[in-house]
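Step one of this worksheet: look at the structure below.
Quick note: the coordinates plus some simple rules give every number you see, no bench work behind them. Bear in mind the structure is a predicted one, so any value in this text is a computation, not a measurement. Glycine gets a Cβ as well: all are built from the backbone with ideal geometry, and neighbour counts include every protein chain shown.
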Number of protein chains: 2
Amino acid sequence: MAQQHLDPTDPTAGVSPKLSTALGQGGAPNGDALASYLRARATEFLRALRLHRETGAAATAEETVDAARALRRSARRISGSLHTFRPLLDSDWSEEMRPELAWLSGTLGLEHAYEARLERLLLALHRLSGSTAFPAQTVAPTSPGASVRGVPGTAVPERGNLTVGAAKAGALLERQLTLARTRAHSTALQALGSSRFHAVADKVAVLASEVPLTPAAATTDLRPAAAAAEERLTAAIAGLPLVTAGHPYNAEALIHGLSPDLSPHPQDGPWHQVRLLLRLHRYAREVLLGPGAPVDVRLLAAGQALNRHRDASEAAAAAAQAARTPRIAPATAYALGVLHADQRHEVEAARFAFQQSWQKQVVSAP
Amino acid sequence: MAQQHLDPTDPTAGVSPKLSTALGQGGAPNGDALASYLRARATEFLRALRLHRETGAAATAEETVDAARALRRSARRISGSLHTFRPLLDSDWSEEMRPELAWLSGTLGLEHAYEARLERLLLALHRLSGSTAFPAQTVAPTSPGASVRGVPGTAVPERGNLTVGAAKAGALLERQLTLARTRAHSTALQALGSSRFHAVADKVAVLASEVPLTPAAATTDLRPAAAAAEERLTAAIAGLPLVTAGHPYNAEALIHGLSPDLSPHPQDGPWHQVRLLLRLHRYAREVLLGPGAPVDVRLLAAGQALNRHRDASEAAAAAAQAARTPRIAPATAYALGVLHADQRHEVEAARFAFQQSWQKQVVSAP
């Protein structure tokens, strides 16, 4: 299979043609564009926060989830822009703000992560059982903190399609991940009521009208900082084993599936890092191109592949972790082993998907 | 991914260009070519049998394995040709001969199959443990009936690289498959000393000088019968889910990995059937083209992919079977679950490899 090698010393590698065109047509974007972007994200943050508070106890699960997702979305973009365009911003303010935003989006994201992980694992168990009668609505998000599967009456007939091992494995994962999710929900509620959160919210409220730019920012070209973010991304991608990933069924992802080493798959680390760098590059692109800029679908596909990689990696670790529960039945352990390997193959599939989408992107560049 | 659809009604589909060229140049092959082919295979059979007997107790494991493989190889080809070119041969003789040859190659093949299965599973366990220090010679064939791993002193330090679960799973599989192999060895020895075997050997001895052709065989064109064998192959391939198989990571092979249905993977059946039909087509091609004909490397690759499919399918079933052993530890069951899923992914990989090689073959046809 032909392989495009990314040259880590070439800062234009992977730049989409749309980006170059857009930048060529307008003037060089400067601190004003950054300030406008940050104000818009801060306004979004405050709107999501108001929605979250107003809905309160009366909110449907979906509304609460949407509000929390919007909060995280804005927080990530503000934090990412502060990092990429550091030289244009008041450094004390910026350095104080970033860890607080990271804490916030991390805390708010955990509950959803556990919920999605359980959903992914239960769907996989049903797929592995050859069950076609798995109604999607029973794994849809229910009210936070409650049991994910909601009505026990609907869960029982489904279990009938599973072997004893698969059913027990599902019940064990449900117990463990629902407990983790409930704890994450409490932690998120505590965080939203804390003085630490109010301090962040106050700072974002100020940011919505007043961005602390440096005196030189108004005349500083944003492109070198954005290009540096892209260089960090392409350098990290150049370090990935993309030749291997481009060969289907390379069996690399499961290679430590039974390793005595307890740290879960160090081979995943560089891919997780690329996921974060790709996000930073995407946000920097948003700042430069402004609102209404076309979405780069290939960048989106690459990002989705890396999200899938992360989700499958964490689901595989959760299955392995559940298998270490004392006194489980051998049939349960067997099902968890199959499930772990299945998710590690999802990891491999996601790497292949990333390789394919990234290669396309490079090939299409002028 | 583009997909070549095989037309089951087109008897030339999948015919390699080399075959058409070879047939176009010479005269139409008839019963003489078949008789010559059968005599040559019968002679090979007798030579292998002599080797097997002469070496006896003094033989190295390798010599015995080689002799048994040569016996099976000739028996399969005689049996396959009897089937494909049925109308040219004395039907009573042919119908009596075929099941006896099938019994023989089946009985002689079992010991090797168990040995190869154990080797495949132990290698997979080491790969899954991230162990790079797995010396290949410790899984090389040893004397039949003896422990496959041979010297316990060399096995113990290797086990140190495995987790407790992987080591216990390996020991369990070794115990079960070595027992099965020892039994198969005894059965094969009994078979080789039986009057049933002597009757087959006598018939093959006659065949080496005198092929019971029908009176019309000398002027009968072999090509229609060979084309019919190829038609049966292409029709069976047309029934395979090749579009799915051509999409890497389609997750189809593991879909019943935890199914309560105990019959191991009915989805594998059509692939096993194609493997047998491909072999018959290959033998018919040998008859038509005569000795020294070039090997069709793509046909070879397709056959190897189907062998790998069969081996992985049976290894996965052995891992699942071992997991049903009463009173095993959860860690052992977990390792067997990972191993089962790994081998089912090998099944999927083999289907992908077959699709790739078969597609190439069709595309290159004129």
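Placing dummy labels 7 Å off each Cα toward the beta-carbon, the span from B:SER36 to A:GLU54 is 9.2 nm.
Across the stretch A:31-38, computed HN-Hα scalar couplings (Karplus, 6.51 cos²θ - 1.76 cosθ + 1.60, θ = phi - 60°) run x, 4, 4, 5, 4, 4, 5, 5 Hz from first to last residue, x flagging Gly and Pro. Label sites at A:VAL297 and B:THR219, each approximated as a point 7 angstrom past Cα along Cα to Cβ, lie 6.7 nm apart. The modelled label-to-label distance for the pair A:VAL206/B:ALA28, using points 7 Å beyond Cα in the direction of Cβ, is 9.7 nm. Take A:ALA40, push a point 7 Å out from Cα through the beta-carbon direction, and compare it with the same point in every other copy: 7.6 nm, smallest first. Shown for A:ASN250: label points 7 Å from Cα along the beta-carbon vector, and their distances to the equivalent points in the other copies, 2.3 nm in ascending order. What does the charge count around B:ALA322 come to, taking other residues whose C-beta lies under 13 Å from its C-beta (Lys +1, Arg +1, Asp -1, Glu -1)? Combined, the nearby Lys, Arg, Asp and Glu give +3. Given axes a ≥ b ≥ c from the Cα gyration tensor, I'd like to know whether the stretch B:225-330 is rounded (a/c under 1.5), prolate (a/b larger than b/c) or oblate. Prolate, because a/c is 1.5 or more and a/b exceeds b/c. Ignoring aspartates and glutamates fewer than eight residues from B:LYS168 along the same chain, the ones with Cα atoms less than 19 angstrom from its Cα are A:ASP261, B:GLU115, B:GLU119, B:GLU158, B:ASP342.
What net charge is computed for the residues neighbouring A:GLU96, neighbours being all others with C-beta under 14 Å from the C-beta of A:GLU96, Lys and Arg scored +1, Asp and Glu -1? Cβ neighbours under 14 Å give a net charge of -1.
Relative to one another, the C-alpha centroids of the stretch B:111-125 and the stretch A:34-105 are positioned 56 Å apart. Shortest first, A:VAL295 label-point distances to identical copies amount to 5.1 nm, with the label point at 7 Å from Cα along Cα→Cβ. Please sort by residue number the GluC sites (Glu not before Pro) in the stretch B:205-243 whose DSSP state is loop and whose Cβ has at most 12 other Cβ atoms within 10 Å. Passing both the DSSP loop test and the Cβ count: B:GLU210.
Backbone amide hydrogens, once placed in the peptide plane, bring B:LEU89 within less than 5 Å of B:THR214, excluding anything fewer than 5 places away on its chain. The spacing between the stretch A:302-366 and the stretch B:343-357, judged by their C-alpha centroids, is 19 Å. Once the C-beta distance of B:ARG69 and A:SER186 is scaled by a Förster radius of 56 Å, the resulting FRET efficiency is 0.25 to the nearest 0.05.
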